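Following: one structure in structure tokens, then a few remarks.
The values are calculated or read from the model by the stated rules, or taken from the named source; none is laboratory data. Model, not experiment: these values are computed from the prediction. Positions of Cβ are backbone-derived with ideal geometry, glycine not excepted, and every protein chain shown enters the neighbour counts. Calculation scope for accessible area: heavy atoms of the full protein, side chains included, ligands and nucleic acids excluded. Shrake-Rupley method; radii C 1.70, N 1.55, O 1.52, S 1.80 Å.
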Amino acid sequence: MPNTTIYTQALMDHVAHPDYNYELDDATCSHEGINPSCGDDLTLHVRLTPDGTIDETSWTGSGCAISQASADMMSELVEGKTIAEARDACALFTRMIRGEETDPTVLAQLEDASCFESISHMPARVKCAELAWRTLDEMLSQSLNQAPKEVSN
């Protein structure tokens, strides 16, 4: 059963005390995302290990509580994951907020971010919640397409 409100304690904790709101100086890649309908603007920063695992993630920017909490929750969730695992999490989050995935055992993979399940009933806020996730997916997709090929001697 979906949460009756998105303003859960987890969301409010991430808004009041974001752990990932800083600029990552040695980021492997950064990507800006904008939600013109709400004015949310964020830049995601990711440092990848040589094997393609997400070593560290952060975000900077401004926006509503929903977009900022979502960015913080996403950053926490994807650290330590491979690019493919992070993109799978982005896809799952998108299915959840569109009301396409409601199985609680599946949504548990999103940890704190599963609190956004009921946002599917608030179409105007969906773009706020998905901004960081969409931005990460775009960045990781571009990162894969632009990855330098190894040259053997």
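Data for the structure
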quantity: Per-peptide average of other Cβ atoms within 10 Å, ordering 124-134, 92-102, 8-18 highest first; calculated: 124-134, 92-102, 8-18
quantity: Average Cα contact separation per residue, region 12-68, under 8 Å, 6 or more apart, as relative contact order %; calculated: 35
quantity: Under Karplus coefficients 6.51, -1.76 and 1.60, residue-wise ³J(HN,Hα) of region 104-109 in Hz, glycine/proline x; calculated: x, 6, 6, 5, 4, 4
quantity: Interatomic Cα distance distribution for region 75-114, bins of 5 angstrom, percent; calculated: 6, 26, 36, 22, 10, 1
quantity: Heavy atoms of Cys64 accessible to a 1.4 Å probe, total area in Å² rounded to 10; calculated: 30
quantity: Helical mean residue ellipticity (222 nm; -39500 (n - 2.57) per DSSP H run of 4+; nearest 500) of the chain; calculated: -13500 deg cm²/dmol
quantity: DSSP-defined beta bridges in the chain - what % are antiparallel, rounded to 5; calculated: 95
quantity: Cα-based shape type of region 6-116, given that a ≥ b ≥ c are square roots of the gyration tensor eigenvalues and the cut on a/c is 1.5; calculated: oblate
quantity: Net +/- balance of residues flanking Leu131 in space, Cβ distance below 13 Å, scoring K and R +1, D and E -1; calculated: -4
quantity: Residue-wise HN-Hα coupling along region 112-122, computed from phi with Karplus coefficients 6.51, -1.76, 1.60 (Hz; x: Gly, Pro); calculated: 4, 5, 5, 5, 7, 4, 6, 5, 4, 8, 10
quantity: Gyration tensor (alpha-carbon) shape descriptor, region 47-93, a/c threshold 1.5; calculated: oblate
